[in-house]
Amino acid sequence: MGNLIKVLTRDIDNNGGNFFLDFENAQPSQSETDVWEKVNQVLTEARVVLEDLQSYRGAGEEIRQAIQSPGVEKVQEKAWSSVVPLVQKLKTFYEFSQKLESSLLCLLDVLTRSGSTPTQHLEQKQALARQFAHILHFTLRFDELKMTNPAIQNDFSYYRRTISRMRINNLADTGSEVNNELANRMSLFYANATPMLKTLSDATSKFVSDNPEVPIENTTHCLSTMASVCKVMLETPEYRSRFTSEETVLFCLRVMVGVIILYDHVHPAGAFVKTSNIDMKGCIRVVKEQAPGSVEGLLNALRYTTKHLNDETTSKQIKNMLQAN
């Protein structure tokens, strides 16, 4: 991601204190090591998942031929043999979402504990804050790739139709390791426009409800602080000039959008009200200032994955800023 990224937060957006947050090179202290190593294994696998998703081409041609020639057994077999390994990949992606959820919960548990402010947690546990950022970066990148690849839905739909036909005809689904219950869960997962974000949003909401001893403000302030850090980094020439590649900018944008969405799902009033700890107008402006082709997925995530955008309490200005062209 280029040279060392250091972000100096200012006394804005209700974040007190100035500190540097190193998104690239922060190393875990002894107290962070156990959680860091556990999450690091998942982040290592995340790189492989993204590579597999990026190279996912689908079996569109084989499926088309099978639909056009329903009575030709060889054509049917070719389509089936093409789809089965792809569905195994989709199963791997789905199972990885559960690992990602577990990692997020581990990090939230550490970064929202009482005894320190959210700013102090992020400042003192920078290695874990960095991992939190990488989880969000992966999540937004995964969903961007998924949204632009219709083959995923097409392949899985064909697979389910074929399995259903096999059951009706009492044929064994040889080569399939996806039972009906798992297929139903996967179908719900992939039906969502941004499945990984939904997984993390649901997990964050569940974390708050399952841990009543942790004030909800601990979680929302952690998220809003991270959003503000990213916003300052992106809009301040002094920091942005340190970026050596466009990917560094995209990394920060994805993290900022990701924490906004999580905040919007967890905070009772959401991220778009005037009393929100997140400067939504500023954050949206920063996203829209980027090259249009690189951020449409992020704008769609804000439009369609947030919970409170269409509430009456959201200003017309914010709604207009996010209106699709």
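The values are calculated or read from the model by the stated rules, or taken from the named source; none is laboratory data. The structure displayed is predicted, hence computed values, not measured ones. All Cβ positions, glycine included, derive from the backbone under ideal geometry; neighbour counts span all protein chains shown. These accessible areas exclude ligands, DNA and RNA; they are computed on the full protein's heavy atoms, side chains included. Shrake-Rupley method; radii C 1.70, N 1.55, O 1.52, S 1.80 Å.
Scanning the range 53-104 for residues that are in a helix (DSSP H, G or I), farther than 30 Å from V39 by Cβ and open to solvent by less than 60 Å² (accessible area, probe 1.4 Å) returns G60, E62, I63, A66, V75, Q76, A79, W80, S82, V83, V84.
Starting from residues that are polar (S, T, N, Q) and at pLDDT below 95, keep the ones in the range 103-124 and report whichever is farthest from Q27 (Cα to Cα). Per the stated criteria, the residue is S114.
The residue list L262, L250 contains one member that is hydrophobic (A, V, I, L, M, F, W, C), open to solvent by 10 Å² or more (accessible area, probe 1.4 Å) and in the same structural domain as S228 (by the TED database), which is L250. The single condition among (1) more than 22 Å from M196 (Cβ to Cβ); (2) open to solvent by less than 10 Å² (accessible area, probe 1.4 Å); (3) outside any helix (DSSP H, G or I); (4) of a type outside the set (A, V, I, L, M, F, W, C) that G282 does not satisfy is (3). Residues of the range 173-223 that are of a type in the set (G, A, S) and either part of a helix (DSSP H, G or I) or farther than 30 Å from T162 by Cβ (or both): A183, S187, A191, S201, A203, S205, S209. When K307, K316 are screened for being touching a His at 6+ places or on another chain (Cβ under 7 Å), basic (K, R) and open to solvent by 10 Å² or more (accessible area, probe 1.4 Å), only K307 passes.
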